[in-house]
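Student: Below are the structure tokens for one structure; questions will follow.
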Amino acid sequence: MLSAEKNHVLTRVGPGTPMGGLLRRYWHPIAGATEFDALSIKPIRLFGEDLVLYKDRGGRFGLVDRRCCHRRADLSYGWVEDCGIRCNYHGWLYDQEGRCLEQPYEDTANPAARLKEQVRLKAYPVRVLGGLVWAYMGPLPGPELPNWAPFTWPHGFTEIVISDVPCNWLQCQENSIDPVHFEWMHDHWSLQQRGGNGPRPPAHLKVDFAEFDYGFVYKRIREGQKDDDRLWTVGRVCLWPNGFYLGEHFEWRVPIDDENTLSIGWFWTRVPKGREPYVQNSIPTWHGPVTDEHGRWITSHVMNQDFVAWVGQGTIADRTREFLGSSDGGIAMMRRQLFKDLDAVAAGRDPKAVIRDPHVARLVELPNVNEAISREGLTLAEWENHPLYRQRMKDFRWQAGQPVEVWNAYAAAMGFPLRPA
């Protein structure tokens, strides 16, 4: 368990907090680029700050303060131009670096005052990679944005899923290094939801945890597995500081504020052998619901089940009342590393997994339990006999709410039947 003071340090992420300052040293995914096919301005809250993310007519993304410098009007009701975002109240225009480009009345009536040169809107760097919009909100110069290897893989279909989860970021991320919950939350609970009929899920026999350059890996052996199973020899990745990597998909838990988290999922599936070459022209982004029409938490899909566990711990989990066991060794390692990183930042050093070398960031490989399938693929017949890929022929198992048009785009890539719109 943690003391109340230490729990407070790890969970508060607003401006000026130690943990907020640490997490701001990293790039974070905050949206899908294709969201801006249908809109140009999106209000967004990150690390306790109210901001607007926009894409101007020149194709540039910007992330700036939601309030105009002039009279604090809401820029989410402004509009974009060839360069920048314009306030709807008095027409002040800002670029993606926060510079004020125009103040229509002042520029006309009092040009010698050069007032616009005295104005700077808070702004953060933004980049697009892997179909995601990324933001860096820390001190400059910022680190490199890692180009994770799966972003470069050919012949695959990608989709991005976003959800707002009403709880603190840390209990979401601690799930990323908790192997035993798969057995109970995703296997046993799913079996119970189906009426309890079916074989008993295999039990965990041993787990292990190890550190590597970009986070930690957890390894496990369940009944029926041997020591040469890649889930034991390679493991799955708790990606530092707030990600999870399972071999063909990423999950990130980005703090909105102390009590809310932005869940960003990036999902990739290789087309069956024989359907290459496949080139995806646009990566769809959709928003997954967390509750049903009755206000109850959705429990039918893998990540929705995780959401239930996270919010069930309370808005901010009280770690003074927990009792960790041997299966929680990874959680203890993760917490120790966070405190080490806080000390590093306080001493003026980079925390864990920050990349400064552009050559390193250009292509970053990660441990991948599914490496052979990811790179070489499976035939359609092999899909039908594979326990996980067989499910992917029927449904998107990770989150509820996948739009029909996204399923049909995926099905067309894979060679599956389409569904009625």
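Student: Taking the condition in contact with a strand residue (DSSP E or B) (Cβ under 6 Å, 6 or more places away or on another chain) and among the β-branched types (V, I, T), does V161 pass? Before you say what the answer is, go through the steps one by one.
Tutor: On the way: in contact with a strand residue (DSSP E or B) (Cβ under 6 Å, 6 or more places away or on another chain): yes; among the β-branched types (V, I, T): yes.
It is true that V161 is in contact with a strand residue (DSSP E or B) (Cβ under 6 Å, 6 or more places away or on another chain) and among the β-branched types (V, I, T).
Student: Do you know which residues across region 36-76 are part of a loop (DSSP other than H, G, I, E, B), open to solvent by less than 60 Å² (accessible area, probe 1.4 Å) and over 25 Å from T11 (Cα atoms)?
Tutor: At the first step, the residues of region 36-76 found to be part of a loop (DSSP other than H, G, I, E, B) are 38-40, 47-48, 56-60, 66, 68-73.
Filter again for open to solvent by less than 60 Å² (accessible area, probe 1.4 Å), leaving 40, 47-48, 56, 58-59, 66, 68-69, 73.
Of everything in region 36-76, those that are part of a loop (DSSP other than H, G, I, E, B), open to solvent by less than 60 Å² (accessible area, probe 1.4 Å) and over 25 Å from T11 (Cα atoms) turn out to be S40, D56, G58, G59, C68, C69, A73.
Student: For residues that are over 25 Å from L51 (Cβ atoms) and of a type in the set (S, T, Y), scanning just region 92-116, find the one that is surrounded by the fewest Cβ atoms within 10 Å (Cβ to Cβ).
Tutor: T108
Student: Mind checking which residues of region 262-281 are touching a Leu at 6+ places or on another chain (Cβ under 9 Å) and open to solvent by less than 10 Å² (accessible area, probe 1.4 Å)? Let's see the steps before the verdict.
Tutor: Within region 262-281, the first condition is being touching a Leu at 6+ places or on another chain (Cβ under 9 Å), and the residues that meet it are 262, 264, 266, 270, 272-275.
Within region 262-281, I264, W266, P272 qualify.
Student: Something else: For region 192-224: of the residues being assigned to a loop (DSSP other than H, G, I, E, B), of a type outside the set (D, E, K, R) and open to solvent by 80 Å² or more (accessible area, probe 1.4 Å), which is modelled with the lowest pLDDT?
Tutor: The initial filter retains those residues of region 192-224 that are assigned to a loop (DSSP other than H, G, I, E, B), namely 194-203, 213-214, 223-224.
Imposing the further condition that a residue be of a type outside the set (D, E, K, R) reduces the set to 195-199, 201-203, 214, 224.
Right, trim to open to solvent by 80 Å² or more (accessible area, probe 1.4 Å) and you get 197, 199, 224.
Values: N197: 84, P199: 90, G224: 95.
Checked region 192-224; the qualifying residue modelled with the lowest pLDDT is N197.
Student: Any idea which of (1) in contact with a Phe, Trp or Tyr (Cβ under 7 Å, 6 or more places away or on another chain); (2) part of a helix (DSSP H, G or I) is the one A112 doesn't satisfy?
Tutor: (1)
Student: For region 288-331, name all the residues that are in contact with a strand residue (DSSP E or B) (Cβ under 9 Å, 6 or more places away or on another chain), open to solvent by 20 Å² or more (accessible area, probe 1.4 Å), assigned to a helix (DSSP H, G or I) and not hydroxyl-bearing (S, T, Y).
Tutor: V308, V311, G312, G329
Student: Among (1) under 29 Å from W286 (Cα atoms); (2) charged (D, E, K, R); (3) exposed (fewer than 14 other Cβ atoms within 10 Å of the Cβ), which single condition is K340 missing?
Tutor: So the condition that K340 fails would be (1).
The values are calculated or read from the model by the stated rules, or taken from the named source; none is laboratory data. Since the structure is predicted, the reported quantities are computational estimates derived from the model, not experimental observations. Reconstructed Cβ throughout: ideal geometry from the backbone, glycine too, with neighbour counts over all protein chains shown. Accessible surface areas use protein heavy atoms only, side chains included; no ligands, DNA or RNA. Shrake-Rupley method; radii C 1.70, N 1.55, O 1.52, S 1.80 Å.
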